[in-house]
Amino acid sequence: MNFEVIIGIEIHCELKTKTKMFSSAPVSFAAKPNTCTNEIDLGMPGTLPCVNQEAVRSSIKVCHALECEIDPLVRFDRKNYYYSDLPKGFQITQQFFPIGKNGEIMINTDDGEKIIRINRIHMEEDTAKQFHHDDGSYLDFNRAGTPLIEIVTEPDMRNGKEAAAYVEKIRNILYYLGVSDVKMEEGSLRCDVNISLRPYGSDTLGAKSEIKNLNSISNVQKAIEYEIDRQNKVLLSGGTIDQATLRYDETARKTVLMRKKEGDVDYKYFPEPNIFPIRLKEDFISSIIEQLDELPDQRKHTYIHSYGLNEYDAQQIVANKELSDFYNKVVTNTKEYKLAANWILGEVSAFLNKENIAIDQSSIIPEELAIMIDMIVKKEISGKQAKEVFEEIVLGKKAKEVVKAKGMEQVSDENAILDFVINVLDANPQSIEDYKNGKDRAVGFLVGQVMKLSKGQANPAITNKLIVEELKKR
Amino acid sequence: MEMYSNEYFKKLANQIMFDLSDEEIVSLKADFEIMLQQMELLNKIDTDGITEMVYPFEDETYFLREDKINHVLSQEDALENAPETKDGQIVVPKVVK
Amino acid sequence: MRIDDYKQGNLEKVVEAGEKAKASQERLNAVVSFCDIEEQIKDYKHTQSDLLFQTPVALKDNINTKGTRTTASSRILDNYIPVYNATIVDKLKAAGAVFVAKTSMDELGMGGTNLNAYTGKVNNPWDLQRISGGSSGGSAALVAEGVVPLAIGSDTGDSVRKPAAYCGVVGLKPTYGRISRYGIIPYASSLDHVGLFTTTIKDAATALEVLAGRDDNDMTTSYKPVEKYSSLLNSDLQGKRIGVIKNVMDAIEDKTIQETFKQLLDKLESRGAIIEDVVFDTDLMNALLPTYYVISNAEATANHSNLDGIRFGVREDGDDLTSIMINSRTKGFSSEVRKRFVIGSYSLFTENQDKIFRKAQKVRRRIVDALKEKLASYDVLLASAAGSIAPYPDESYGEKLSATYLVAENHMLLGNFSGYPSITVPNAIVDGMPVAVNLLAKPFEETLMLSIAKAIEEECGLEGYCREVSE
């Protein structure tokens, strides 16, 4: 019997705001413990929440990017449970009226493009961080109250690869929007995956496992593939799957049971009485959307349809926002879109890899790369010379200055070139003879000789023209 | 578990992190009886088509807090009331997650 | 005492107020913690023009005061020293107030008798055997005793207006959102109001001027401008329309209260007021208490989930996190509070929410709709604030489901459900015990309500009434 795999994903993303979701204490990473809180984040008696405008703005950006309907009336609810990392004994979230719903995004799969539906996007607050030591668990409340958005898909994915593609896509979009650091290894993007198997043709969902807190995209894929295999074996051997929460053990490369679920926990959700519904005015929402930068898919579309790049190259560039930003700057200074892409995916990327730095950490000035590319096209420098020039450009130097300093400036003065031409012709009577006998490639040889004599500085086009003219005279 | 048995109420209490003694449960059951009677008074009110009143006033609001750091406690203040601390953190018995 | 008694005097009088508070403790047991007065007056830099210049003020112990213990009369907060001030604490200080004491209350506000305080019963200044009423009992008692001219309380289900009635002082609960709740340890957020006790309507108006106003820390506060309540006071009743809640007066069995109430109505009528009976649907009135009980306990159980012994408060030993929380909360809360939390939690379960919690929220709307409709034709609604004078502790529970209890003792919940302003004004002394009436007005019509209260005060001759003065 064959099983269909059903996968849904919940992504928690920490927003990169200055202050907390409901307090004006700073959001910060790697600060000394308990130095970024105020009484609200600590759940001190008598405190009240106050909604962060920037968190709402960021959420609107994400909703728009994922094509969600935006609810212009922002409402919050309480999710009640007790835990040491949850200061108030409830989390303020948006259970009943999420800010976004019914969205979708396109991912690329082995079978082509596929739409993943987004069920909802809602705002909530993060919990404190716990560090487990031998003598107890240590609590740092710096993270408590950090704004989070949760993005929940419909169960639309069918294998680990699709799931990984989805997470990668979301991560890239969130990064392009500038709303989050999206660092999975640091927990600013956290991923919970729900998996169940069912016989093909069945329309009921099987018991599902939830794999919590996957910390990299490759682990998303690996954990899912392991879990599919495990469930498959259990089902084939006549066993049943228990609803359970799992984690992925990276070293053992397998999923490990955290706890079995005995019915759903009742979080006793009810509307947060301390936050009246907040109306987002139409112009507030539209001004945020209007100011949005292009998203990766839009850029890719431009690259392919306006710049003539191939799909692969376009994808390679947009996969890295900084590289794409850099490319965009280069092509505002040159119309040589394809050559620019070749350079960026070739020499530039090789250089960055070698140095192990990101493009925004390098000294390359995009305008200078554009100037260099134009010089190549105008044949002012040769491809070989360009590579030499590039070695200086990566040091932050200007293309023209490098060319000048290296004496690569081409001579375009016809009189000067004519001197070279006459000298070369005088020295090569055999070639003149060959030319007269109809052997055109003699011209190429003579151009080469002029270049050699001029140390490569003679403009090849002018040289060619003058040689032909002189040959005709002889 | 039998509805409204002693164990039932004990479980309800434990879910919200406290215990009830047997005497307290007897008294709670009496209060529960009163609540159920009071529910009859509530149920006399026709609420078909009525939406819940969550807030005393329902005029929409527009205020959102500007994203500006305005108030942060020192570590000392943050921990001042904590029963047990170490290395700038609050300590609880080891939590197995 | 009146605010002016202190404004005209000197800082010595503030120190005296502190001594009086200490001296009253044996009689009243109204104080949880005494404030450091010397510290507050050391660099006292206020002037006569500040509304609360040199005024000693008592604060209910659920108001966060930075550096001063704040327990909400609960054992679990016995060692809690706030690291921040409630917004109103800053406002009072800025107006010149000097804090004298943190006053006893029913634990976490949950009660109407003040018998359920960790420090024990608060005695009624007029008869120590009787209760002060609650939950702001300590604040009411200190004003009635004459220790302070102003005390702050909070009112979730008449917790200012009922003890004011029992202690014979003015008890004001303005419109929801008029005074910031930031820093007030809550009971039930959608019903909680900050309120205050004084001995005169003018002082109540002055205090409201100080306390009222938008606070960005409390998103439910209103942007409506704060009026100059004290200077706008006028006691002209000519043509004022007063609706008497007939259901309440019919439910009251106490003949003396009926009588004093009628005498008041005659006086008001003779001043030109138009007085008419207003009758609410009986079922709606009977539903007041159950509605309150459900909503308040549900919100309270969530509101107090932060009291777990982890970050602050009294932590009891335990082998693991769960047992620490369970032990801290079991010992930290009284039986009464724990029982209410269980009931609140029960009503929030997914399978019960529609039947209980949401049902109560829907009934709340029906009640408020009815109130709005009735108030449309009147300036204020008027009724006796309580069905009797302050009872003895063993009387105070009454018959829970009798009409007297359901309607006469709980009608002031109308003000909490609707958020409309409401004030209790003493109107007579019967056998040495005060009797009071209650007004309920349209939202943000505090000025009008205070003016009508002023007329009542003038007619009853109890302005400035307190033990210190009457003896």
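The values are calculated or read from the model by the stated rules, or taken from the named source; none is laboratory data. Computed from a predicted structure; not experimentally measured. Backbone-built Cβ (ideal geometry, glycine too); neighbour counts: all protein chains shown.
Taking region C:267-312 as the range and being of a type outside the set (A, V, I, L, M), touching a helix residue (DSSP H, G or I) at 6+ places or on another chain (Cβ under 7 Å) and under 19 Å from A:Tyr81 (Cα atoms) as the test, the residues that pass are C:Asn297, C:Thr301, C:His304, C:Asp308, C:Gly309. Could you say whether any residue in region A:114-127 is of a type in the set (A, V, I, L, M, F, W, C), away from chain C (no Cβ under 14 Å) and over 25 Å from A:Lys268 (Cα atoms)? Checked region A:114-127: at least one residue is of a type in the set (A, V, I, L, M, F, W, C), away from chain C (no Cβ under 14 Å) and over 25 Å from A:Lys268 (Cα atoms).
Taken together, A:Lys222, A:Lys254 contain a single residue that is surrounded by 17 or more Cβ atoms within 10 Å (Cβ to Cβ), of a type outside the set (Ser, Thr, Tyr) and farther than 27 Å from A:Cys63 by Cα, which is A:Lys222. Would a scan of region C:91-102 turn up a residue that is in contact with a helix residue (DSSP H, G or I) (Cβ under 6 Å, 6 or more places away or on another chain), more than 12 Å from C:Leu28 (Cβ to Cβ), among the aromatic types (Phe, Trp, Tyr) and in contact (Cβ under 8 Å) with a residue 60 or more places away in the chain? Scanning region C:91-102, I find no residue that is in contact with a helix residue (DSSP H, G or I) (Cβ under 6 Å, 6 or more places away or on another chain), more than 12 Å from C:Leu28 (Cβ to Cβ), among the aromatic types (Phe, Trp, Tyr) and in contact (Cβ under 8 Å) with a residue 60 or more places away in the chain, so the answer is no.
If you go through region C:343-366 and pick out every residue that is more than 7 Å from every other protein chain (Cβ to nearest Cβ) and among the hydroxyl-bearing types (Ser, Thr, Tyr), you end up with 1.
Of the set (1) more than 24 Å from A:Val62 (Cα to Cα); (2) hydrophobic (A, V, I, L, M, F, W, C); (3) in the same structural domain as A:Ile60 (by TED's automatic domain parsing); (4) surrounded by 13 or more Cβ atoms within 10 Å (Cβ to Cβ), all apply to A:Ile275 but (1).
Contact map, region B:31-50: residues that are within 20 Å of C:Arg366 (Cβ to Cβ) paired with residues that are crowded, with 18+ Cβ neighbours inside 10 Å and of a type in the set (Val, Ile, Thr), Cβ distance under 6 Å, separation 6+ or inter-chain. Pairs shown: B:Met35/C:Ile343; B:Leu42/C:Val363; B:Ile45/C:Val363. The residues of region C:314-342 that are under 26 Å from A:Asn142 (Cβ atoms), more than 7 Å from every other protein chain (Cβ to nearest Cβ) and crowded, with 21+ Cβ neighbours inside 10 Å amount to a single one, C:Ser328. What do you reckon, is A:Thr109 under 25 Å from A:Asn34 (Cβ atoms) and among the hydroxyl-bearing types (Ser, Thr, Tyr)? No: the conditions fail for A:Thr109. From the list A:Ser202, A:Ser196, the lone residue that is farther than 30 Å from A:Asn52 by Cβ, in a strand (DSSP E or B) and either out of contact with any Ser or Thr (no Cβ under 6 Å at 6 or more places or on another chain) or within 14 Å of another protein chain (Cβ to nearest Cβ) (or both) is A:Ser196.
Residues of region A:236-260 that are without any contact (Cβ under 8 Å) to a residue 40 or more places away in the chain, assigned to a loop (DSSP other than H, G, I, E, B) and either of a type outside the set (D, E, K, R) or under 11 Å from A:Glu210 (Cα atoms) (or both): A:Ser237, A:Gly238, A:Gly239, A:Thr240, A:Asp242, A:Gln243, A:Thr251, A:Ala252. Please work out which residue is farthest from the other protein chains (Cβ to nearest Cβ), limiting yourself to region B:1-24 and to residues that are of a type in the set (A, V, I, L, M) and more than 19 Å from the chain's Cα centre (by Cα). If we take residues in region B:1-24 being of a type in the set (A, V, I, L, M) and more than 19 Å from the chain's Cα centre (by Cα), then B:Met1 is farthest from the other protein chains (Cβ to nearest Cβ). What number goes with the only condition from (1) outside any loop (DSSP other than H, G, I, E, B); (2) under 16 Å from the mean Cα position of the chain (by Cα); (3) not aromatic (Phe, Trp, Tyr) that C:Gln129 does not pass? Looking at each condition in turn, C:Gln129 falls short on (2). Set side by side, the residues C:Arg214, C:Arg181 differ, and just one is within 14 Å of chain A (Cβ to nearest Cβ), buried (at least 24 other Cβ atoms within 10 Å of the Cβ), of a type outside the set (Gly, Ala, Ser) and assigned to a loop (DSSP other than H, G, I, E, B), which is C:Arg181. Looking across region A:159-174, the residues that are among the basic types (Lys, Arg) and closer than 17 Å to A:Cys13 by Cα come down to A:Lys169, A:Arg171. If you go through region C:30-46 and keep only what is without any contact (Cβ under 8 Å) to a residue 12 or more places away in the chain and assigned to a loop (DSSP other than H, G, I, E, B), you end up with C:Lys42, C:Asp43, C:Lys45.
For region A:455-474, the set of residues classified as surrounded by fewer than 20 Cβ atoms within 10 Å (Cβ to Cβ) and of a type in the set (Gly, Ala, Ser) consists of A:Gly456, A:Ala461, listed by residue number. With respect to the conditions (1) outside any strand (DSSP E or B); (2) buried (at least 24 other Cβ atoms within 10 Å of the Cβ), C:Ala188 falls short on a single one, namely (2). Take region B:41-97 and flag every residue that is part of a helix (DSSP H, G or I), out of contact with any strand residue (DSSP E or B) (no Cβ under 6 Å at 6 or more places or on another chain) and at the interface with another protein chain (Cβ under 7 Å from one of its Cβ atoms). Correct list: B:Leu41, B:Leu42, B:Gln75, B:Asp77. When region A:408-457 is filtered for residues that are touching a Phe, Trp or Tyr at 6+ places or on another chain (Cβ under 6 Å) and of a type in the set (A, V, I, L, M, F, W, C), the ones remaining, listed by number, are A:Ala442, A:Val450, A:Leu453.
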